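Enquirer: Before I ask anything, here is the structure I am working with.
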Amino acid sequence: MKRIVKLFFLITFISVSALASAQSFTLAELVDMAPNGEGYFSNIVTAKGYTLQENGASGLSNNYTYTHSGDSKITLITPSFDSDVRMVSWEFKTVASYNALKSELAASKYKLTNTERRNGGKYVSLFYSRPGIEVILTTDKTVDPSGIYIISVKYTNAAKYIVK
């Protein structure tokens, strides 16, 4: 009986872990999605269980926002004029994803260029860069004390700059 209970908990843990990682993104995925257009972006995020919330255009940009269970959203922002700049912004609520992204930034040799703190440290933005790519990693505890986390990746024709 103990063996069955242990097996049940192991299967439950693996299932929850797989579900949690299925709805999250790595830095590499975010950087990859930014320059490849709306169709590519849509395929990646819908495969992770996100659904289209808003498809809107302003005078300067086209925005494609997808949500997942109301606790996470991701947006592709493309200029409505001729430009090589693309941006992906992902908002989520898990500190584990935040820490994983922060570790991935360090491991991928992104340089921390600036730190901005507001509202007594409840809103903190870390600015990272690499040739052709700028990343802002934000913690916002002004609305939710548990924290809302946002990563924004701005891609500017980075392919010609990246050294592999």
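The values are calculated or read from the model by the stated rules, or taken from the named source; none is laboratory data. Bear in mind that the values here come from a model prediction, so they are computed numbers and not experimental data. Cβ: placed from backbone, ideal geometry, glycine included. Neighbour counts: every protein chain shown.
Enquirer: Hey, could you check segment 43-63 for residues that are under 14 Å from the mean Cα position of the chain (by Cα) and of a type outside the set (D, E, K, R) and say which is farthest from T156 (Cα to Cα)?
Expert: Y50
Enquirer: Another question about this same structure. If you scan segment 85-107, which residues turn out to be crowded, with 18+ Cβ neighbours inside 10 Å, over 11 Å from the mean Cα position of the chain (by Cα) and assigned to a strand (DSSP E or B)?
Expert: Scanning segment 85-107 gives a single hit, R86.
Enquirer: Among the residues in segment 8-30, are any modelled with pLDDT under 95, loosely packed, with under 10 Cβ neighbours inside 10 Å, not aliphatic (A, V, I, L, M) and not in a helix (DSSP H, G or I)?
Expert: No, every residue in segment 8-30 fails to be modelled with pLDDT under 95, loosely packed, with under 10 Cβ neighbours inside 10 Å, not aliphatic (A, V, I, L, M) and not in a helix (DSSP H, G or I).
Enquirer: I would also like to ask the following. Just one of Y155, Y149, Y110 is in contact with a Gly (Cβ under 8 Å, 6 or more places away or on another chain), in contact (Cβ under 8 Å) with a residue 24 or more places away in the chain and crowded, with 16+ Cβ neighbours inside 10 Å; which is it?
Expert: Exactly one residue qualifies, and that residue is Y155.
Enquirer: Under 6 Å between Cβ atoms, at least 6 apart or on separate chains: pull out the pairs that start in segment 118-133 with a residue that is within 28 Å of D144 (Cβ to Cβ) and end on any residue that is of a type in the set (V, I, T) and surrounded by 15 or more Cβ atoms within 10 Å (Cβ to Cβ).
Expert: What qualifies is V124/T139; S125/I136; S125/T138; F127/I136; Y128/V135.
Enquirer: Just for segment 73-107: of the residues that are free of Cβ contacts under 8 Å to residues at least 60 places away in the same chain and among the charged types (D, E, K, R), which one is nearest to G56 (Cα to Cα)?
Expert: K73
Enquirer: Sticking with this one: Every residue in segment 64-84 that is modelled with pLDDT under 90 and assigned to a strand (DSSP E or B), please.
Expert: Correct list: T78, P79.
Enquirer: Restricting to segment 65-96, count the residues that are in contact with a Leu (Cβ under 9 Å, 6 or more places away or on another chain) and farther than 25 Å from G147 by Cβ.
Expert: 4
Enquirer: Evaluate the following for L137: is it touching a residue at least 24 places away in the same chain (Cβ under 8 Å) and aliphatic (A, V, I, L, M)?
Expert: yes
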